[in-house]
Amino acid sequence: MNVVIVGCGRVGSALAGRLHLDGHTVSIIDSRPEAFARLGSNFTGTRIVGMGLDRSALLAAGIESADSLAAVTGADAVNAVVARVAARRFRVPRVVARMYDPQAAEVYRRLGVHTISPVAWAVGRLAEALVLVDFTTITSLGAGQVDLIESAVPALLNNRPIKEIESPGEIRVAAVTRGGRTFVPDPGTHLATGDVVALAVTGGGAERLETLLGRRS
């Protein structure tokens, strides 16, 4: 996969190193030549000194044949514009922009920019670590608005239907693992002690889920 990264700070350089080790072709752009020192001597991808908003820098990085682009500079506005240019003008199939401001991330997401908000994600993980200690987060979707959570089914829900722990717009059971087999349940599927459920949960549904699973009185 051909990947273009705009921004060689801590995130950009770490991302470039990871993708390079995974065997992808990586080009990274930064306006500061000294920033590339973060990449280390093992990185053999392309380094482009220039501005992420500069068409010539993007072309030098191979954006016309890129499969994906990550805009991870320190400026939300720059990341958003680079992402929109990559997606709309150069038709890059996969584009992601890091946004520090959760509200801005939501605005740009509605405009069609795939955003990742480290602030929203971190708040969610910290809240979970403090009050949802028995849950395991598998992944976060969008800008952290929805989490895919895994949890064991407690005895109090034995032989209860899936629909009793679902809540429209907040909680949805995506899969059940039982006896080494994982399947997608229907609303009438009954749970059993020892089942492990994967649930899609919004931020507003976390406390409700705790109550439903008997972890909050």
Condition set closer than 17 Å to A83 by Cβ and at pLDDT 95 or above, scope segment 9-31, selection surrounded by the fewest Cβ atoms within 10 Å (Cβ to Cβ): answer is S27
Just checking, how many residues over segment 40-59 are more than 15 Å from R89 (Cα to Cα) and in a loop (DSSP other than H, G, I, E, B)? 8
Within segment 2-39, the count of residues that are part of a strand (DSSP E or B), under 14 Å from A71 (Cβ atoms) and of a type in the set (A, V, I, L, M) comes to 6
Report yes if L132 is farther than 30 Å from T73 by Cα, at pLDDT below 80, outside the structural domain of G74 (by TED's automatic domain parsing) and of a type in the set (A, V, I, L, M), otherwise no. yes
Extreme residue, surrounded by the fewest Cβ atoms within 10 Å (Cβ to Cβ), among residues of segment 33-42 that are in contact with a strand residue (DSSP E or B) (Cβ under 8 Å, 6 or more places away or on another chain) and touching a residue at least 24 places away in the same chain (Cβ under 8 Å): F36
Identify, please: which residue in segment 43-59 is closer than 17 Å to G9 by Cα and not hydrophobic (A, V, I, L, M, F, W, C) and is, among those, surrounded by the fewest Cβ atoms within 10 Å (Cβ to Cβ)? T46
If we keep just the residues of segment 153-173 that are surrounded by fewer than 15 Cβ atoms within 10 Å (Cβ to Cβ) and of a type in the set (G, A, S), which is modelled with the lowest pLDDT? A155
Return yes or no: is I138 assigned to a strand (DSSP E or B) and either at pLDDT 80 or above or surrounded by 14 or more Cβ atoms within 10 Å (Cβ to Cβ) (or both)? no
Which pairs turn up if I take residues in segment 1-20 that are under 20 Å from P93 (Cβ atoms) and look for partners that are polar (S, T, N, Q) and assigned to a helix (DSSP H, G or I) with beta carbon separation below 7 Å, at least 6 apart in sequence or on another chain? N2/S65
Of the residues in segment 150-178, those that are free of Cβ contacts under 8 Å to residues at least 40 places away in the same chain, in a loop (DSSP other than H, G, I, E, B), closer than 20 Å to I138 by Cα and not acidic (D, E) come to G169
Go through segment 60-111 and report how many residues are in contact (Cβ under 8 Å) with a residue 60 or more places away in the chain, crowded, with 17+ Cβ neighbours inside 10 Å, in a helix (DSSP H, G or I) and not hydrophobic (A, V, I, L, M, F, W, C). 1
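The values are calculated or read from the model by the stated rules, or taken from the named source; none is laboratory data. This is a predicted model, so every value here is computed, not measured. For neighbour counting, all protein chains shown are included, and Cβ atoms are generated from backbone atoms with ideal geometry for every residue, glycine included.
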